[in-house]
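Structure record follows, encoded as structure tokens.
The values are calculated or read from the model by the stated rules, or taken from the named source; none is laboratory data. Owing to the predicted nature of the structure, the values given are computational and were not obtained by experimental measurement. Note: ideal-geometry Cβ built from the backbone for every residue, glycine included; neighbour counts use all protein chains shown.
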Ligand SMILES: Cc1cc2nc3c(=O)[nH]c(=O)nc-3n(C[C@H](O)[C@H](O)[C@H](O)COP(=O)(O)OP(=O)(O)OC[C@H]3O[C@@H](n4cnc5c(N)ncnc54)[C@H](O)[C@@H]3O)c2cc1C
């Protein structure tokens, strides 16, 4: 007879709530989680006496009946409190609170009057309609993306308000994400001003569920034990885990299969050793650049591998190089819009086109604080063969003070030499970057 009725994979809120309900019905449930801690995206960090919510951070009082039912059942209602300034907008070096509060009609929460006016015009159809969250496409905003909404109501609205809110609350990307779900949440929860949070961290509910379901670190260890048995993990003397020998075999197989990519990587390692900063190879993918290889810099403060593998063409130097030599890519990017990620991102089409003229004239591209404040990059083109088409870009990225200004010319000459070697190798068929357009 099996010792288990249901195996739940993942100790996030969904897995734990499912396990809790099934256990309440008398089923024998085990939750398998790959991380050491239960909670998934609801995990909070505790640092120096502060609680930091890293994914989810708010609770809406209206529109989430199952969540509130569970809060009542778990008896954690007293942990929930109202956030005084649920959303503040960061503008010109300071935070403007009260966005969504009736007072913001007066203060504008940092938004200029013209933008406030357009914000009201944008929200009115949704308020009149009521915005059924189950059918967001069947609302006045249809299937428009946030960027497309900006074309009607002004790009500043997207750049300064909708993009920051949707990015921080849901991790959405304006040019790909529909506006209706966000606006329906705002309308149906009767405005962000009512949002609440847990007093001691957003992981309050998952911690309580995990306690009741009996999920402990041992659950994770149970998963690990299976992997140890299969040679995929090894125990370390300190009691932790490291990749097992079987992975070395798999790695070797992968190396043989992708010898060409490996040689691309060894060139990057050389470049990284010379430049000291993170270097990467980017290829076009629709309206973005995707980094197919990346070797991290050696300094403590550096651009790290967890950073995104994909970036819109207009923000990064590699993207600018690719757009500078491919009219189709440029036009597709312009059609999709130029959303900002910092105050230095080029968001005006005419300025972006002029910037690409400069890239072709200079032979390399720069992105100074345009993707992330304090970080800059330089990129040069890689050709399919000498005199052929630009198929990729090699870029270096690091703290602004170490990348541009007096360092720039030296860095560019190293990158150009590297790009020339990659171009020659591509022409000889030794590298296979492969265009990754989608
Ligand atoms: C940026 C951001 C902000 C958000 N803000 C809010 C907010 O303010 N309020 C709110 O209510 N919600 C918010 N959300 C949504 C909320 O975080 C999610 O709805 C919720 O965490 C989803 O829970 P889940 O269990 O489905 O997934 P997750 O929380 O992702 O949990 C999945 C779990 O499964 C584990 N797992 C995955 N694969 C395996 C495997 N093969 N074996 C074992 N374990 C595995 C993972 O390690 C993880 O622990 C936000 C989400 C994001 C991304």
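Some notes on this structure:
- Answer from 196, 222, 190 - the residue that is modelled with pLDDT of 85 or more and farther than 30 Å from residue 292 by Cβ: 196
- Of all residues in the stretch 162-204, those satisfying the criterion of being assigned to a helix (DSSP H, G or I), more than 16 Å from residue 337 (Cβ to Cβ) and within 11 Å of the ligand (Cβ to nearest atom) are 165, 168, 169, 170, 185, 192.
- Among the residues making up the stretch 7-35, those that are surrounded by 17 or more Cβ atoms within 10 Å (Cβ to Cβ), free of Cβ contacts under 8 Å to residues at least 40 places away in the same chain and within 24 Å of residue 168 (Cα to Cα) are 10, 15.
- Flag if residue 86 is within 13 Å of the ligand (Cβ to nearest atom) and modelled with pLDDT under 80: yes
- For residue 319, the test of being crowded, with 19+ Cβ neighbours inside 10 Å, outside the structural domain of residue 164 (by TED's automatic domain parsing), under 28 Å from residue 165 (Cβ atoms) and modelled with pLDDT of 95 or more is passed.
- Per-region count, the stretch 36-73, residues touching a helix residue (DSSP H, G or I) at 6+ places or on another chain (Cβ under 6 Å), surrounded by fewer than 17 Cβ atoms within 10 Å (Cβ to Cβ) and not in a loop (DSSP other than H, G, I, E, B): 0
- Meets criteria (within 26 Å of residue 156 (Cβ to Cβ), surrounded by 16 or more Cβ atoms within 10 Å (Cβ to Cβ) and out of contact with any helix residue (DSSP H, G or I) (no Cβ under 6 Å at 6 or more places or on another chain)) for residue 97: yes
- Hits in the stretch 74-94 (condition: surrounded by 16 or more Cβ atoms within 10 Å (Cβ to Cβ) and closer than 15 Å to residue 204 by Cα): 74, 76, 79, 80
- Members of the stretch 4-35 found to be within 6 Å of the ligand (Cβ to nearest atom) and in a helix (DSSP H, G or I), listed by number: 13, 14, 15
- Checking residue 13 against (1) at pLDDT 85 or above; (2) at negative phi; (3) touching a strand residue (DSSP E or B) at 6+ places or on another chain (Cβ under 9 Å), the condition it does not meet: (3)
- Filtering the stretch 74-90 to residues that are touching a strand residue (DSSP E or B) at 6+ places or on another chain (Cβ under 6 Å), in a loop (DSSP other than H, G, I, E, B) and under 10 Å from residue 193 (Cα atoms) leaves only 83.
- Qualifying residue in the stretch 123-143 (condition: under 25 Å from residue 196 (Cβ atoms), within 16 Å of the ligand (Cβ to nearest atom), touching a strand residue (DSSP E or B) at 6+ places or on another chain (Cβ under 8 Å) and in a helix (DSSP H, G or I)): no
- Residue satisfying all of: in the stretch 418-430; in contact with a helix residue (DSSP H, G or I) (Cβ under 9 Å, 6 or more places away or on another chain) and surrounded by fewer than 22 Cβ atoms within 10 Å (Cβ to Cβ); nearest to residue 318 (Cα to Cα) among these: 421
- Candidate set: the stretch 372-387, residues that are free of Cβ contacts under 8 Å to residues at least 60 places away in the same chain and under 17 Å from residue 418 (Cβ atoms); chosen: the one surrounded by the fewest Cβ atoms within 10 Å (Cβ to Cβ): 386
- Residue pairs whose Cβ atoms lie under 6 Å apart, sitting 6 or more positions apart in sequence or on different chains, and linking a residue in the stretch 178-201 that is over 22 Å from residue 79 (Cα atoms) and without any contact (Cβ under 8 Å) to a residue 60 or more places away in the chain to a partner that is in a loop (DSSP other than H, G, I, E, B) and within 16 Å of the ligand (Cβ to nearest atom), are 184/133.
For (1) touching a helix residue (DSSP H, G or I) at 6+ places or on another chain (Cβ under 8 Å); (2) at pLDDT 90 or above; (3) surrounded by 12 or more Cβ atoms within 10 Å (Cβ to Cβ), each residue gets a yes or a no:
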| site | (1), (2), (3) |
| --- | --- |
| 107 | no, no, yes |
| 111 | yes, no, yes |
| 126 | yes, yes, yes |
| 130 | yes, no, no |
| 141 | yes, yes, yes |
| 156 | yes, no, yes |
| 166 | yes, no, yes |
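- Residue among 362, 272, 366, 333 that alone is surrounded by fewer than 18 Cβ atoms within 10 Å (Cβ to Cβ) and either in the same structural domain as residue 393 (by TED's automatic domain parsing) or within 17 Å of residue 390 (Cα to Cα) (or both): 362
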